[in-house]
Structures are given as C-alpha cells and as structure tokens.
Amino acid sequence: MPTADLDTLKAEITTAINAASNEQALDAVRVGALGKKGSVSALLATLGKMTPEERKTAGPAINGLKNELAGLIDAKSAELKTKALEARLAAERVDVTLPVRPAATARGRIHPVSQALDEITAIFSDMGFSIAEGPDIETDYYNFTALNFPEGHPAREMHDTFFFNEGPDGTRKLLRTHTSPVQIRTMQQANEKPPAAWMTPSQTPPIRIIAPGRTYRCDSDQTHTPMFHQVEGLVIDKTSHIGQLRWILEEFFKAYFEVDEVKTRFRPSFFPFTEPSMEVDVQCDRSGSEIKIGEGSDWLEILGCGMVHPNVIRMAGLDPDEYQGFAWGMGIDRIAMLKYGMPDLRAYFDADQRWLDHYGFRPLDLPTLFGGLSS
Ligand code: DAH
C-alpha cells in the first residue's frame, strides 16, 4: 500500500477522533478503524498476501498507524472523561451558602395536651403503673350505673351528658363524661380467668393503672370545652390505703410541676364511686401574673379522688371483702394550662398553626424523668 494512502487514512481517522464529542462517538470511530472489520484491521489483513519484501516496509507502517491511532483514541477518551466530569460537577454544584431548608421534624409541633399526657405517662410508668384504655362511646351502665350512680340520682344530671339516639334495644349510648368507666372495665378484665392475653401484670390484681383519654360534656367557656381530656388512676390491692394515695399524688405533683416540694390539702367531697371522697388542692402563689405551683399560701383545686366504693368493686366482679383500693381523676387540659400558662382552653382545639408554633413542643424532645420532662 502506498504511503500516501496511509497518510490519507490517518488524516481521515484523526479528524474523526478530534470531532468525536462524546465517548459513544469516539467508540464508533475506534470500531470503524481498529475493530475486527475496521479499515486499519483490513489493511493488516493484507500483509499476509504480500511478498516478504513488501511486508518489510508495509508491516511497520501499518502497525505504526494502528498504534498511533490507538494512542490518539486513548488520549481523546481521557479528555472526554475529564470534560464529562467537569460538566457534571458544574451541573450538580451545591451552593453551600444557601440556608438549610428545615426538615418536617423541625417544623412540626407537639400539642401541649399530648405533651402533658406524655409527661404524665412518663411519671406514672416510672412508679410502676400501666396504661389502660376504654371506648369514648360508652353505655349508661359503665358511665354511671356500675360506678354506683343510682338511677335518677342528681349526680347524673351534673355531668351534662351527650346522649345518642335510642338504639334498637331501647337504650341510649353516650359519650363518656369521665374516664372512670375504665376502672370498671379494667377490674372486669382483671377478673377474667385466665386474664386477657394483652394485659400487663399490673392490670391483674394488684391493679395499678392510669387511664388517659377523651371525655365529653355539654359545656363551653374559657375553662371548659365540650371535648376535654382526663386521666384516671386506679390502685386495687388487699391493703391499699389513703396514705399511699397521698404519697403517689404528691410525688406526681412534684415531678409534673418540676418543683422540690408541693403541699397538698385533702378536702371532703362527694363522688358516688368513692367513699370517702376527697378533692385535692395544691399549694400555689397567685400574687404575680401567673399561678406558681408549690409556692405561696393559696390553694388550687386540682383533682377528685377517694377510696373505691365497695359497691363499685363488687359491680366490677371483685370481692370487696378481699380487695380495696383508691382512685383519682384529673383534667389533663387544665394541668397543661397551669404548667404552660395558656389562658384559654378553647384555643387548644382551634387548630391555629400560630398558636401551636408558640405553645407546641419539639417532636423529638420526648419527656422522660431522667432527661427532663419539659426542657
Ligand atoms: N370522674 C370524676 C369527674 O369526672 C373525677 C374523679 C373523682 C375520678 C374521684 C375518680 C375519683 O376516680 O376517685 O368528675
């Protein structure tokens, strides 16, 4: 093959290499020249048919061309790779001076009621209580009768109950007016033999439960909403007594209000399901703009409690000659209000994002006794 033809071929392929704008185009040039059926490979195949004399000059010339082109292609490939990387780096560049967009966990807020509930459960769990629940839609039996409210007793009227329409069996269901029905449900289940599989040991006698949840009464003003939250406490054992009740409640107040000492005052009261019944006041100071618990010489009513009435224990299926206990009921919204200084209960349920931004809690700051309840 004349050298001039080799030069032309070389010039053509070199131009094609230089023109290749990406790896694919370059690969097409490589296959066209150096692949099995490529133009340079075809030339190499002609060597076999040449005379030794011809081969002497043509061999090194064609092989030289092959090597030279391979070198050019490699160099071009490296150049294209660098360019591609640079283009990618430019396209995917991150402006580190931009402010970080807050993640959902940083923007969301925990409602003060949920926060108070988490704090309450943390404190009572630490004392060995477990959590019990009951339905929001209750029967008259669980909400009143089993709790020793006699038929037609005026205490039933005081509850401003929301009743449903009469069902096919002639009875009217209701929205529970308090969490006390969970006392009955827990004692009944504790009495099942064997106990329900889901029950924790403290839901079988001796019983130590708290029952937080929604409650409903037809009432609405600055300190009452038709739906509100209560937490019930129940301890049933063979020797439970008021001294233990008082200790538990005082320990709770200290932990919840995050103060070293809180004086309490137990005043006689009346609830059909306890005998004796008491209302508990906590020591507070009202001299400033906000109420301070655990200071001063004023009193604030905070919950109702008492020794569980023998009729209630009997109606729940336990023997009141064997078991006795105490119970209490407390408004969660109210004690959240006291701790976090929210003036109007109705705002709790307005779903106003600005209110929640102000009074809400950060979602990952879970209240624990060791890590701090509200810090
Ligand atoms: N259930 C009562 C209420 O809603 C509160 C209460 C008082 C609960 C005394 C109790 C208790 O368990 O012993 O007004």
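Some notes on this structure:
- Projecting the Cα positions of Gly331, Ala87, Leu174 onto the charge dipole of the chain (unit charges on Cβ atoms of Lys, Arg, Asp and Glu, taken about the Cα centre) puts Ala87 furthest along the positive direction.
- Three-way shape call for region 112-359 based on the alpha-carbon gyration tensor, with the a/c threshold at 1.5: oblate
- Heavy-atom surface analysis with a 1.4 Å probe gives the chain a carbon and sulfur content of 55 percent of its accessible area.
- The GNM of the chain, with springs linking C-alpha atoms under 10 angstrom apart, assigns the highest mean-square fluctuation among Asn18, Asn311, Asn148 to Asn18.
- Among the listed pairs Lys10/Lys81; Lys37/Lys81; Lys10/Lys37, those beyond 19 Å (Cα-Cα): Lys10/Lys81; Lys37/Lys81
- For a label point 7 Å along the Cα-to-beta-carbon line of His153, residues of region 311-328 with backbone N under 18 Å: 311-318, 320, 325-328
- Peptides ranked, highest mean first, by Cβ atoms within 10 Å: ranges 299-308, 286-295: 299-308, 286-295
- The chain - accessible surface per residue (Å², probe 1.4 Å): 56
- Taking Thr179, Thr51, Thr145 in turn, the Gaussian network model of the chain (Cα-Cα springs below 10 Å) assigns the largest fluctuation to Thr51.
- Pairs over the 32 Å Cα-Cα cut-off, from the set Lys173/Lys254; Lys173/Lys292; Lys238/Lys263; Lys36/Lys56: Lys173/Lys254; Lys173/Lys292.
- Looking at the chain alone, DSSP beta bridges between its own residues are antiparallel in about 95 percent of cases.
- The chain: relative contact order as a whole-number percent, Cα under 8 Å and 6+ apart: 16
- Computed over the chain with a Gaussian network model linking Cα atoms closer than 10 Å, the most mobile of Ala61, Ala211, Ala190 is Ala61.
The values are calculated or read from the model by the stated rules, or taken from the named source; none is laboratory data. All of these numbers come straight from a predicted model, not from anything done at the bench. For neighbour counting, all protein chains shown are included, and Cβ atoms are generated from backbone atoms with ideal geometry for every residue, glycine included. These area figures cover heavy atoms from the full protein model, side chains too; ligands, DNA and RNA do not enter into them. Shrake-Rupley method; radii C 1.70, N 1.55, O 1.52, S 1.80 Å.
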